[in-house]
Amino acid sequence: MSEQLTYCEVHPNRETSLRCNKCNRLMCPDCVVSTPVGYRCKQCVRQQDDKFFTAGQNDYVVIAAVCAILSGVATAIVGQIGIPMLFLIFIAIPVGGGIAELGLRLTKRRRGRQSATIAAASIVIGGLIGTLVPLISIFGEFPPLSIVGQYLMGNYGPLLLVGIMAFFAYSRFKMRA
Ligand SMILES: [Zn+2]
Ligand SMILES: [Zn+2]
């Protein structure tokens, strides 16, 4: 009755018999990462990520530009023609996903750790500019912030569009396909 006790390689005081299914390292429940291909250690998951994340600086620039410009155009159009709220939600989902998809195609589907965040942030920035274009064109310059605030509260349609587009573009970049 002598069973050899085994311990986590990161936490030597924690008994465990779990092993990484790639490198066979012993790991405790805190060190385990559950992946679609089974339990892996953090090191193996990171190595896998490094192979997956191949985007460079230029890809980020392309993604930011595509997302900001298209989001700006979409919100400017919506602000002009006043689409009913329900329909707006309905079109925001495919438009957000579509913008992300275009960004992926233009960068040969290279992903980076920051791709999703950059896409969402660019959609928000471009969308805000697109929303404010009619106001700026009335004033001929960037209006006082108090007026901008009032204007945005009265134009929640485009803002809603921006939020939904950013969310779905973010999700699209997080998907590994
Ligand atoms: Zn491993
Ligand atoms: Zn551990």
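Figure legend. Inter-residue proximity from segment 96-113: first residues over 19 Å from residue 164 (Cα atoms), second residues at pLDDT 95 or above and of a type in the set (A, V, I, L, M), beta-carbon distance below 7 Å, spacing 6+ or different chains. Indicated pairs: 106/62; 106/66; 107/62; 107/63. For the residues 26, 104, 86, the requirement of being outside the structural domain of residue 126 (by TED's automatic domain parsing), hydrophobic (A, V, I, L, M, F, W, C) and over 16 Å from residue 127 (Cβ atoms) singles out 26.
Being among the small types (Gly, Ala, Ser) and crowded, with 16+ Cβ neighbours inside 10 Å is a property that holds for residue 72. Would you say residue 67 is modelled with pLDDT of 95 or more and within 16 Å of ligand 2 (Cβ to nearest atom)? No.
Evaluate segment 45-58: report whether one residue or more is in contact with a helix residue (DSSP H, G or I) (Cβ under 9 Å, 6 or more places away or on another chain), in a helix (DSSP H, G or I), surrounded by 13 or more Cβ atoms within 10 Å (Cβ to Cβ) and not hydrophobic (A, V, I, L, M, F, W, C). No - not one qualifying residue is present in segment 45-58.
In segment 1-42, of all residues being within 8 Å of ligand 2 (Cβ to nearest atom) and of a type in the set (Asp, Glu), the one that is surrounded by the fewest Cβ atoms within 10 Å (Cβ to Cβ) corresponds to 30.
Hey, among the residues in segment 1-50 that are more than 15 Å from ligand 1 (Cβ to nearest atom) and of a type in the set (A, V, I, L, M), which one's nearest to the chain's Cα centre (by Cα)? Ranking the qualifying residues of segment 1-50, first place goes to 5.
Do we have residue 20 as at pLDDT 95 or above and more than 24 Å from residue 129 (Cα to Cα) here?
So residue 20 passes the test.
The values are calculated or read from the model by the stated rules, or taken from the named source; none is laboratory data. Here the structure is a predicted model, which is why all the values come from computation and not from measurement. Counting neighbours? That spans all protein chains shown, and the Cβs are built from the backbone with ideal geometry, glycine included.
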